[in-house]
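S.K.: Got a structure for you, questions after.
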Amino acid sequence: MSRLSSTNLAVSALAASLAAPLRVGLIGFGCVGQGLYDILRQRPGFGAEIRRIAVKNPGKPRSLPVEAFSFQADELLHDPELDVLVEVIDDAREAFRLVSTALRQGRRVVTANKAMVAQHLPELIALEREFGGTLLYEAAVCGSIPVIRTLDAYFGQEPLRSVSGIVNGSSNYVLTRMGQDASEYAVALVEAQQQGFAETDPTLDMAAFDPRSKAVILAAHAYGALLQPEQVLNLGIENVSATDIAYAAVAGQKIKVVAGLYLLPDQQLTVLVTPQLVDPTSPLYAVDDEFNGVVIEAEFAGPQFLRGRGAGGHPTGSAVLADLAALRANQRYAYAKLAQPELTYTTDLEIEIYLRTDDELLLDQLGFTDITEEADEDGYIVGFVPLDALIQHRDRLRTAGAFIARTGNVRPATHATEVLEAASAV
Ligand SMILES: NC(=O)C1=CN([C@@H]2O[C@H](COP(=O)(O)OP(=O)(O)OC[C@H]3O[C@@H](n4cnc5c(N)ncnc54)[C@H](O)[C@@H]3O)[C@@H](O)[C@H]2O)C=CC1
Ligand SMILES: N[C@@H](CC=O)C(=O)O
């Protein structure tokens with residue numbers, strides 16, 4: 001056969017595979033599952049059809065007749081007629097069982113479950129490589145923002161000074177309502193839940209477990225670092241009060257929960273997720289409601305900013321749709337930075353924080369090395385503390401009702417006074 005005719009055959013095969021509708025098995029029919037269903041219904045020309053839907057609870061009232069559902073996700077795992085499994089359930093442990101089983105079958109899988117991906121990323125990559133399947137998870141980080149493919153494909157070869165951003169829609173929604181409308185924390189949280197932004201257990205959003213999972217996933221693609229979630233400081237907004245919002249406003253700032261990944265001197269990397277005082281010069285200042293925003297500081301490209309809806313059925317369904325299109329084009333993550341020289345993960349730093357607490361013991365335990373500002377009547381203090389002390393006492397900070405926001409200043413734990421430029425980028 002001539003080279004031309006074999007090329008023609010390959011092109012025809014590719015065209016045929018692109019033309020055949022992708023047969024999708026959907027596991028989970030909550031906010032995201034229904035969002036995807038709705039999008040595919042509105043886009044019949046896309047070339048994917050949901051062949052089967054697995055749900056958990058047979059008694060729950062749903063928008064489709066009961067015959068549309070299977071009540072055993074394993075039935076979809078054993079259905080050879082499905083081309084892709086889309087896993088969008090709210091149970092990370094079960095999600096890992098389903099996704100890892102599918103990858104062992106060499107299947108193509110899309111998931112939105114960041115807690116599951118963050119906990120198991122090394123195993124998932126190994127399964128993908130061993131059995132030849134594909135796992136995509138754009139929806140797991142920043143909803144509709146294509147941040148994973150941007151880091152993985154576009155910036156796969158370029159060193160990044162920092163990646164920092166608002167990666168949780170629910171906490172950003174709550175902070176926006178408190179700042180703009182003086183809403184009560186609890187009222188704003190209920191609104192975030194009603195609009196489908198929050199996790200089934202909203203503690204994951206408010207105590208920053210969810211953005212921590214996302215930071216772990218970003219670290220893999222941006223720096224080739226496979227971290228365990230527990231290694232990363234997560235402080236949230238469960239204890240935020242009007243006093244804290246007012247403190248920021250008086251200084252012309254806003255409080256945002258920022259996930260920061262910073263490349264430090266000597267090929268060291270640090271990652272932390274905390275509320276942060278953000279001023280109007282930062283692109284993150286204007287990222288409100290359930291929107292997310294990510295600033296990428298690249299070595300050669302310089303700064304880039306991505307912004308979009310970070311939560312909700314349709315925005316997240318849009319990310320799943322993009323993954324289905326990527327699967328159809330046989331795309332997979334390159335994880336290029338996993339093959340590059342390893343960075344050393346460090347928490348040996350001091351960070352400057354605003355802390356509001358009336359717990360004297362906690363103040364002692366955090367071990368402030370410098371105090372920048374103290375105002376007794378409002379019970380807050382600003383100063384440098386070791387990052388390791390915050391990691392060690394993060395649970396007690398939650399239960400003691402303390403609120404922390406970092407100022408953006410970071411320095412080595414050697415108490416050197418030079419503030420690291422890279423770490424104060426936002
Ligand atoms: N809501 C959002 O804006 C976003 C959610 N995600 C992630 O997407 C996933 C789904 O989130 P939502 O749709 O918001 O949650 P949801 O709570 O609205 O829906 C999840 C559904 O999964 C079902 N489910 C649980 N175990 C199941 C099983 N074994 N088999 C079949 N169904 C099962 C639950 O009954 C529930 O109906 C989660 O991992 C979440 O973290 C990701 C990005 C955005
Ligand atoms: N609960 C998450 C949903 C999207 O990931 C959030 O609020 O960001």
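The values are calculated or read from the model by the stated rules, or taken from the named source; none is laboratory data. Everything numeric here is computed off the predicted structure, so don't read it as measured data. Counting neighbours? That spans all protein chains shown, and the Cβs are built from the backbone with ideal geometry, glycine included.
S.K.: Filter the stretch 146-188 down to the residues that are crowded, with 24+ Cβ neighbours inside 10 Å and among the aliphatic types (A, V, I, L, M) and list them by number.
M.R.: Residues satisfying the conditions are 147, 148, 151, 163, 166, 167, 174, 175.
S.K.: Confirm whether residue 246 is among the small types (Gly, Ala, Ser), surrounded by fewer than 20 Cβ atoms within 10 Å (Cβ to Cβ) and more than 19 Å from residue 307 (Cβ to Cβ).
M.R.: Considered against the rule, which asks whether it is among the small types (Gly, Ala, Ser), surrounded by fewer than 20 Cβ atoms within 10 Å (Cβ to Cβ) and more than 19 Å from residue 307 (Cβ to Cβ), residue 246 comes out as yes.
S.K.: For the stretch 198-215, which residues satisfy the criterion of being part of a loop (DSSP other than H, G, I, E, B) and within 23 Å of residue 262 (Cβ to Cβ)?
M.R.: Those that are part of a loop (DSSP other than H, G, I, E, B) and within 23 Å of residue 262 (Cβ to Cβ): 207, 208.
S.K.: A further question follows. Which residues, taken from the stretch 195-245, are under 14 Å from residue 117 (Cβ atoms), of a type in the set (Gly, Ala, Ser) and within 11 Å of ligand 2 (Cβ to nearest atom)?
M.R.: 213
S.K.: Can you tell me which residues in the stretch 86-112 are assigned to a helix (DSSP H, G or I) and of a type in the set (A, V, I, L, M, F, W, C)?
M.R.: Across the stretch 86-112, the qualifying residues are 92, 95, 96, 98, 99, 102, 103.
S.K.: Which of (1) under 22 Å from residue 161 (Cβ atoms); (2) assigned to a loop (DSSP other than H, G, I, E, B); (3) in contact with a Leu (Cβ under 7 Å, 6 or more places away or on another chain) does residue 266 not meet, given it meets every other one?
M.R.: (3)
S.K.: For the stretch 312-403, give me every one of the strands (runs of 3 or more DSSP E) that falls completely inside it and has 3 or more residues that are at pLDDT below 95 and more than 16 Å from ligand 1 (Cβ to nearest atom).
M.R.: 370-375
S.K.: Given the conditions (1) away from ligand 2 (no atom under 16 Å from the Cβ); (2) under 23 Å from residue 124 (Cβ atoms), and given that residue 86 satisfies all but one, which numbered condition is not satisfied?
M.R.: If we test residue 86 against (1) away from ligand 2 (no atom under 16 Å from the Cβ); (2) under 23 Å from residue 124 (Cβ atoms), just (1) comes out false.
S.K.: Further, regarding this structure: Answer yes or no: is there a residue in the stretch 140-160 that is assigned by TED's automatic domain parsing to the domain that holds residue 228, more than 9 Å from ligand 2 (Cβ to nearest atom) and without any contact (Cβ under 8 Å) to a residue 60 or more places away in the chain.
M.R.: no
S.K.: Just need a number here: residues in the stretch 104-137 that are more than 25 Å from residue 167 (Cβ to Cβ) and in contact with a Phe, Trp or Tyr (Cβ under 6 Å, 6 or more places away or on another chain).
M.R.: 2
S.K.: Tell me the residue from 58, 80 that is in a loop (DSSP other than H, G, I, E, B) and farther than 25 Å from residue 200 by Cβ, please.
M.R.: 80
S.K.: Same structure, new question: Scan the stretch 269-304 residue by residue and report those that are part of a strand (DSSP E or B) and over 16 Å from the mean Cα position of the chain (by Cα).
M.R.: Of everything in the stretch 269-304, those that are part of a strand (DSSP E or B) and over 16 Å from the mean Cα position of the chain (by Cα) turn out to be 269, 270, 276, 277, 278, 297, 298, 302, 303, 304.
S.K.: May I pose another question? Does any residue of the stretch 222-234 turn out to be among the hydroxyl-bearing types (Ser, Thr, Tyr) and not in a strand (DSSP E or B)?
M.R.: So far as the stretch 222-234 goes, yes, one or more of its residues are among the hydroxyl-bearing types (Ser, Thr, Tyr) and not in a strand (DSSP E or B).
S.K.: A further question on this structure: Sort out which residues of the stretch 174-197 are within 11 Å of ligand 1 (Cβ to nearest atom) and either free of Cβ contacts under 8 Å to residues at least 40 places away in the same chain or part of a helix (DSSP H, G or I) (or both), and write them in order of number.
M.R.: 192, 193
S.K.: Just one of the numbered conditions (1) out of contact with any helix residue (DSSP H, G or I) (no Cβ under 6 Å at 6 or more places or on another chain); (2) away from ligand 2 (no atom under 12 Å from the Cβ) is not true of residue 315; which one?
M.R.: (2)
S.K.: Are any of the residues in the stretch 60-71 surrounded by 17 or more Cβ atoms within 10 Å (Cβ to Cβ), within 16 Å of ligand 2 (Cβ to nearest atom) and either outside the structural domain of residue 205 (by TED's automatic domain parsing) or modelled with pLDDT under 95 (or both)?
M.R.: no
S.K.: Exactly one condition in (1) in contact with a Gly (Cβ under 6 Å, 6 or more places away or on another chain); (2) in a loop (DSSP other than H, G, I, E, B) is not met by residue 29; state its number.
M.R.: (1)
S.K.: Considering each of 247, 223 in turn, give the residue that is aromatic (Phe, Trp, Tyr) and either within 14 Å of ligand 1 (Cβ to nearest atom) or in contact with a strand residue (DSSP E or B) (Cβ under 6 Å, 6 or more places away or on another chain) (or both).
M.R.: 223
S.K.: Another one. Return the pair list, or none, for Cβ contacts closer than 7 Å from residues in the stretch 305-327 that are in contact (Cβ under 8 Å) with a residue 60 or more places away in the chain to residues that are assigned to a loop (DSSP other than H, G, I, E, B) and of a type in the set (Asp, Glu), at least 6 apart or on different chains.
M.R.: Cβ pairs passing all conditions: 309/290; 310/290; 311/290; 312/290.
S.K.: So, in the stretch 89-136, of the ones that are of a type in the set (Val, Ile, Thr) and either in contact with a Cys (Cβ under 8 Å, 6 or more places away or on another chain) or away from ligand 2 (no atom under 16 Å from the Cβ) (or both), which residue ends up nearest to residue 231 (Cα to Cα)?
M.R.: 125
S.K.: Specify which of the listed residues (40, 26) is within 11 Å of ligand 1 (Cβ to nearest atom), aliphatic (A, V, I, L, M) and in contact (Cβ under 8 Å) with a residue 60 or more places away in the chain.
M.R.: Residue meeting the stated conditions: 26.
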